[in-house]
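Okay, so here's the structure we're looking at.
The values are calculated or read from the model by the stated rules, or taken from the named source; none is laboratory data. Computed from a predicted model, the values in this text were never measured in an experiment. FYI the Cβ positions are ideal-geometry reconstructions off the backbone, even for glycines, and counts take in every protein chain you see. Protein only, heavy atoms only, side chains kept; ligands, DNA and RNA dropped before computing areas. Shrake-Rupley method; radii C 1.70, N 1.55, O 1.52, S 1.80 Å.
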Amino acid sequence: MPTRRLSPRPYAERKGRVWSLNSEGMSYVMGLSDSGQLANIYWGSRIDDETDFARPAGMRYPFELQSKMLREEYPAWGGPHYREACLKVRYNDRVRDCDLAFLEVSCGKSRSDVVAELGDEAYGLKVRLHYKLYDGYDLLAKHAEVLNVGRHPMRIESVLSAAWYLPSGRDWRLTHLAGAWGREMRLERDILTPGKKVIESRKGTTSHQANPVFFVDRGDADEAKGGVWFGCLAWSGSWKIVAEQDTYQQLTLVGGVNDFDFSYLLRPGECFRTPPFIAGYSSRGFGEASRKLHRFEVGNLLPRRFASSVRPVIFNTWEATVFDVDERRALQLARLSSRLGAECFVVDDGWFKGRKDSTGGLGDWVPDPEKFPHGLTPLVKSVNSMGMKFGIWVEPEMVNPKSQLYQAHPDWVYHFPNRKRTEMRSQLVLNLCDAEVADYVLKSMDELIGDNNIEYVKWDMNRYFSEPGWQRAPRGREQEVWVRHVDALYEILDRLRSRHPGVLFEGCSGGGGRIDLGALQRFDHFAGSDNTDPTEVLFTHEGFTMAYAPKTMLLCVGGSTNGLTGREVSLGYRFDFAMMGTLSMSLDIRGWNKEEFELAKRKVQFYKSIRKVVQNGDLYRLAPPSLDGICVREFVSRDSTEAVLFAFSHVLSKASAKTTVRLEGLRHSLRYGIEPGKVSLGGGYLMRHGVDINLGGDNDSVVYRLKGN
Ligand code: GLA
């Protein structure tokens, strides 16, 4: 079907103005109501013929104002408005009623960019709504700019990114991601009844407990079929998404920066820009929704330099040495890991001054003279001479009170006077809203990277915010910390990346505590979890890949007896699992026997031969993880000529060790050679009949490689 990139255009002045944004598989239609509001008319599967769309009109209900029942594109709190609003302001004369009227719609150069302007003219408040359609992905990004074009300051009490309206109906099902440290991003599903379901973080960062994404369906969608509406926020600070089902068959989702404890002063001439909220529609279930997001992330969001290149195989010292890393141990691990085929050697926590355990050192980013008497240079050189990149762990937003930095600048952390500064993991959060502090962080990281030929940075964040006091804040601005910290962090990362374009950045926050579409524009990939037990992390992989591309998930081969779960899992299984993302290893390989070495070497070599398909291909989640069944994942190259199939069993008592799995995404016309084995089967046969999988028992795994010809 030819792609029609429809411009937003008035189709019938007689009926009022209607604008539609159409991508290949999705239509988003809005219009101007009689009462002068810009309202959504339709969002969902593409409708080619637009002529039937009438201008929006609110339904009539007793006790409700008709114009307030519209699906307003940017609902502001004012008048009899009782639903969740995107904007709440307080004007200088203490009026707290916002009355936004439509001003105009204009279309950008590319014709897939639309800007709508609304205004509360009596007070000089203007809202610019930005729409950007990503045609090839059926995604629409919305964000708002709130401008003070008046003569007096005003205060924003809540400013969300966007509102999304589902077709009329109820009993919608919400799929979202919830978890905790060590068990991030597990799928949760709720049927929405009238009322509100709030998913959020008030922690200053994205958090382990919830993730800023939603998927909504009618309760009948599965991986391969059914309509799924979905959205992701591009924001790495406190956030909220509210799903509000009213008693009139309307489900609305609004989301953006969390307004809890938030307030923003807007002086004349100033503008507040919300983070984007990116949403889309899939008519082919959750699997296709995820693939649209994955392709979009790789094609548009990930830092461009490495977006489509394959990630290196990483060895990280953490699980091998914990804090006791030093030059001798690091060298020994580097030699061994390079023999395994690692391409990047990362010295994790413990390398810097005063860092014997978690109680000291954060903030003083120089090598510990006892552990690294010659600095990092000789180690970096040796690692480079083994053909590996050198990487380093840092946690730049943090400080331990037991550090030189804190001794010199105790006021550089968030705190309130006369209140305890709560330490978590013995550390406090640096106040990046303060330009002096942000400059220090940028400078210390810039020097560390530049002075040592560092080609990989693991950027960690091991606590949430508390006592968010900004003592040197300009008058009236102290509650802006929730956005200013994130803006400052983004700026530091953006500057570091432009000064050191060849450096890969891993995002980490106690494993997977800061993964979102904002972070994804600054980090090349993320630590998925501190938990390395595949039995557990398969569930996190399921949730993670709902929204985020597999190559952005670092999967780690950890020790044989898992430190968190006590489970013993074979080395082969651990490797097979970790091949479903960016492969890393973090375990003590110093005591390994020959067999272990040979097996690991073979696995790394095999991974290198399939990683292009895994990292840049399409993911099909053929069977979900379960504790008494078989989990199956298939990765298919974009041209469908290659595929990799993974299968994992947990406890086979309820499932069969032998099963036939139907594949997806292949070409009917091709025959696929399957390794291991010497079988060759047709694409049609593999997709309609399936391939036999034979697992040997509990905690067994197989990986098949398919090549079409
Ligand atoms: C966090 C990370 C780990 C490791 C430790 C070091 O928990 O998630 O991978 O880097 O910090 O302190």
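A few comments on the model shown:
- The listed peptides 482-490, 517-525, ordered by packing as a protection proxy, come out as 517-525, 482-490 (highest mean of other Cβ atoms within 10 Å first).
- Ordering PRO75, SER498, VAL257 by the projection of their Cα atoms onto the charge dipole of the chain, which places +1 on the Cβ of Lys and Arg and -1 on the Cβ of Asp and Glu, puts SER498 at the extreme positive end.
- When both bridge partners sit in the range 450-608, DSSP labels roughly 5% of those beta bridges antiparallel.
- Cα centroid separation, the range 555-570 to the range 296-368 (Å): 19 Å
- Put the Cα centre of the range 669-709 next to the Cα centre of the range 573-594 and the gap is 24 Å.
- Solvent-accessible heavy-atom area per residue, rounded to whole Å², over the range 630-708 at 1.4 Å: 46 Å²
- For the range 10-301, the spread of Cα positions along each principal axis, largest first, Å: 52, 49, 44
- Kirkwood radius for the range 436-565, taken over all pairs of different Cα atoms as the inverse mean of 1/r, rounds to 16.6 Å.
- Straight-distance crosslink candidates among lysines, where the alpha carbon sits under 18 Å from LYS240 and sequence neighbours closer than 8 are dropped: LYS88, LYS142, LYS196, LYS197, LYS203
- Charge tally around ILE449: other residues with Cβ under 13 Å, Lys/Arg +1 each, Asp/Glu -1 each, net +2.
- P(r) histogram, all alpha-carbon pairs of the range 526-617 included - 5 Å bins from 0, percent: 3, 14, 26, 25, 19, 10, 3, 1
- Straightening the chain between TYR248 and LEU331 buys 23.2 nm, computed as 0.36 nm per residue apart minus the Cα-Cα spacing.
- Listed peptides 172-178, 146-152 by packing density, highest first (mean Cβ within 10 Å): 172-178, 146-152
- Dipole magnitude for the range 506-610: about 320 debye, using +1 per Lys or Arg Cβ and -1 per Asp or Glu Cβ, origin at the Cα centre.
- Charge dipole (debye, nearest 20) of the chain; +1 at Cβ of Lys and Arg, -1 at Cβ of Asp and Glu: 1060 debye
- Calculated FRET value between ARG590 and SER110, using beta carbons and R₀ = 56 Å, to 0.05: 0.50
- Each other residue within a Cβ distance under 13 Å of HIS374 adds +1 if Lys or Arg and -1 if Asp or Glu, for a net charge of -1.
- Signed unit charges on C-beta, dipole axis of the chain, positive-most listed residue VAL651, ALA435, SER680: SER680
- Taking every alpha-carbon pair under 8 Å whose residues sit at least 6 apart, the chain reaches a relative contact order of 10 percent.
- Cβ-based net charge around LEU405, under 11 Å, with every Lys or Arg adding one and every Asp or Glu removing one: +1
- Note on SER309 and LYS196: their simple-model spin labels are 4.6 nm apart, each label 7 Å out from Cα toward Cβ.
- Extension gain from MET59 to VAL95, taking 0.36 nm per residue of separation minus the Cα-Cα distance: 10.1 nm
- Beta-bridge orientation, the chain: approximately 80 percent antiparallel, per DSSP, counting only bridges with both partners inside.
- Overall, the range 630-708 carries a charge dipole of about 220 debye about its Cα centre when +1 sits on the Cβ of Lys and Arg and -1 on the Cβ of Asp and Glu, all other atoms neutral.
- Equivalent ellipsoid dimensions for the chain as semi-axes, Å, which come from the Cα gyration tensor, largest first: 43, 35, 20
- Once the convex hull of all Cα atoms in the range 563-626 is built, its volume per residue stands at 113 Å³.
- Computed from the alpha carbon positions, the gyration tensor of the range 285-342 leads to an equivalent ellipsoid with semi-axes of 36, 13, 11 Å, biggest first.
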